[in-house]
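**Q** Submitted below is the structure of interest, expressed as structure tokens.
The values are calculated or read from the model by the stated rules, or taken from the named source; none is laboratory data. All values reported here derive from a predicted model rather than from experimental measurement. Cβ coordinates were reconstructed from backbone atoms using ideal geometry, including for glycine residues, and neighbour counts include every protein chain displayed. These area figures cover heavy atoms from the full protein model, side chains too; ligands, DNA and RNA do not enter into them. Shrake-Rupley method; radii C 1.70, N 1.55, O 1.52, S 1.80 Å.
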Amino acid sequence: MSPSTEAESLFTPRNFAAFLLVSLIWGGTWLVIRDQIASIPANWSIAYRFVVAAAGMFALAALRREPLMLTRGGLRWALLLGLFQFTLNFAFVYQAEAHITSGLVAVMFALLVVPNAVLGRILLRQPITGAFVLGSGIAAVGVALLFAHEWRSSPATLAEVLLGAGLALCGILSASAANITQAMDGAKRQPFLALLAWSMVVGVVLNASLALVTAGPPQFDPRPSYALGVLYLGLAGSVVTFPLYYGLVRKVGAGQAAYSSVIVPVVAMALSTLFEGFVWGPLPAAGAAITLVGMVVAMRGRANAPPRRATPEP
């Protein structure tokens, strides 16, 4: 194995371009998801998304002449990622958007760094700084203000808003479990794109099974916008972004890569304003600003990545 090397900077041109692309694409996925749940059961829409994404990921691996099969023990890691990242996470997110606006769900996901830090401390022994605790507390106040606005201005009842928040929280915890799984040594020893592709296959199987049980036979919305949304979420929102994002995690560390969670909700809230009728006022503006400031403070407390080891040659 190669000796330890220092983590790269996020602000090298190549890394920063990847960071911006991931942030902008993911910022736009929230609104597309909102359209996806308009007429088709969520699990069927998720299954279609990852049929496209898995095919695209295998094609990308073949194009880059990387392995298409997992090594010994790889199926276990694919099952875990498929369950946490590509089934539970997305199922909860899609359901949450049926109750609260897509921009608000995106802002909640800015808090993903909190369970990441807690689980990382427990399972990976990564330190938690005082700045991180302070920033997380500030962000929690901002999210509370946003939910107060959502309750006061939305026709949804308090119970519906709380249900949407609870579903989003479950999605955050599922995504966090997937992030920690991906950071474990056993997962990191698997071929990178092959692990993502087979995890997506697991997601297709699990989501289709859930859809059959809960919603019956396959359903598909004939609208061109629905089909284009499936392609956008599967190709741009998954095949393009997941390799870039996890590549950044490996190069610059999870702390710096997580700065995307500050840009993503800004893009999502702007789109929610344009297409979902989200109305800004003093309360939501203050809530969004406080949340984003809190996330910056929190992530500065985790921005210094530890030295990384070079990936061993096959």
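**Q** How far is it, in nm, from the label point at Leu79 to the one at Met184 when both lie 7 Å from their Cα along the line to the Cβ?
**A** Roughly 1.2 nm, to one decimal.
**Q** In square nanometres and to one decimal, what's the mean projected area of the convex hull around the Cα atoms of region 75-202?
**A** Reported value for the Cα convex hull: 8.4 nm².
**Q** Here's something else I'd like to know. Tell me, in nm to one decimal, what length is gained between Val296 and Ile122 on full extension, where the rule is 0.36 nm per residue of separation less the Cα-Cα distance?
**A** The Val296-Ile122 span can extend by a further 60.3 nm.
**Q** If I ignore ligands, DNA and RNA and count only protein heavy atoms, how much of Lys188 is accessible to a 1.4 Å probe, in Å² to the nearest 10?
**A** 100
**Q** Alpha carbon centre of region 160-229 versus region 82-122: separation in Å?
**A** Each part's Cα centre sits 11 Å from the other's.
**Q** Another one. Given R₀ = 25 Å, what would the calculated FRET efficiency be for Leu20 paired with Ala227, taking r from the Cβ atoms and rounding to 0.05?
**A** Working from the Cβ atoms, E equals 0.35.
**Q** Here's something else I'd like to know. With a 1.4 Å probe and every protein chain left in place, work out the accessible area per residue of the chain in Å², rounded to a whole number.
**A** 46
**Q** Still on this structure: Once amide H atoms are built 1.01 Å from N in the peptide plane, which residues 5 or more positions from Leu68, or in another chain, come under 5 Å H to H?
**A** none
**Q** Starting from 0 in steps of 5 Å, tell me what percent of the Cα-Cα pairs of region 106-179 lands in each bin.
**A** Distribution as computed: 3, 15, 22, 22, 18, 11, 6, 3, 1 percent.
**Q** Under the rule a/c < 1.5 gives rounded, and otherwise a/b versus b/c splits prolate from oblate, where does region 212-252 land using the Cα gyration tensor?
**A** oblate
**Q** Go ahead and set up a Gaussian network model of the chain, Cα springs under 10 Å, then flag whichever of Gln36, Gln182, Gln126 fluctuates most.
**A** Gln126
**Q** Grab the alpha carbons of region 149-295, take their convex hull, and tell me the volume per residue in Å³.
**A** 159
**Q** Extent of region 168-242 along each principal axis, from alpha carbon coordinates, in Å, largest to smallest?
**A** 43, 27, 23
**Q** OK, next. State the percentage of accessible surface on the chain attributable to carbon and sulfur atoms; use a 1.4 Å probe and exclude ligands, DNA and RNA.
**A** Ligands and nucleic acids excluded, carbon and sulfur reach 71 percent.
**Q** Select from Leu79, Leu24, Leu212 the residue whose mean-square fluctuation is largest in a Gaussian network model of the chain (Cα-Cα springs shorter than 10 Å).
**A** Leu212
**Q** Pull out a ≥ b ≥ c, the square roots of the eigenvalues of the alpha-carbon gyration tensor of the chain, then state rounded if a/c is under 1.5, prolate if not and a/b is larger than b/c, and oblate in the remaining case.
**A** oblate
**Q** Please list, by residue number, everything in region 108-148 whose backbone N is under 17 Å from a paramagnetic label point 7 Å out along Cα→Cβ of Ala289.
**A** 138-147
**Q** So what J values fall out for region 122-131 if you push phi through Karplus, 6.51 cos²θ - 1.76 cosθ + 1.60 with θ = phi - 60°, rounded to Hz, Gly and Pro as x?
**A** 3J(HN,Hα) across region 122-131, in whole Hz: 6, 9, 10, 6, 8, x, 10, 8, x, 4.
**Q** Taking every Cα atom in region 1-107, find the radius of gyration and the maximum pairwise distance Dmax, and write them in Å.
**A** 17.4, 53
**Q** Output ³J(HN,Hα) for region 67-75: one whole-Hz value per residue in order, computed from phi by the Karplus curve 6.51 cos²θ - 1.76 cosθ + 1.60 with θ = phi - 60°, and x for Gly and Pro.
**A** x, 9, 10, 7, 8, 4, x, x, 4
**Q** Whenever you get a sec, line up Ser260, Ser9 from highest to lowest accessible area (probe 1.4 Å, protein heavy atoms).
**A** Sorted descending by solvent-accessible area, the residues read Ser9, Ser260.
**Q** Three principal axis extents, largest first, for the C-alpha atoms of region 143-195, in Å?
**A** 49, 17, 15
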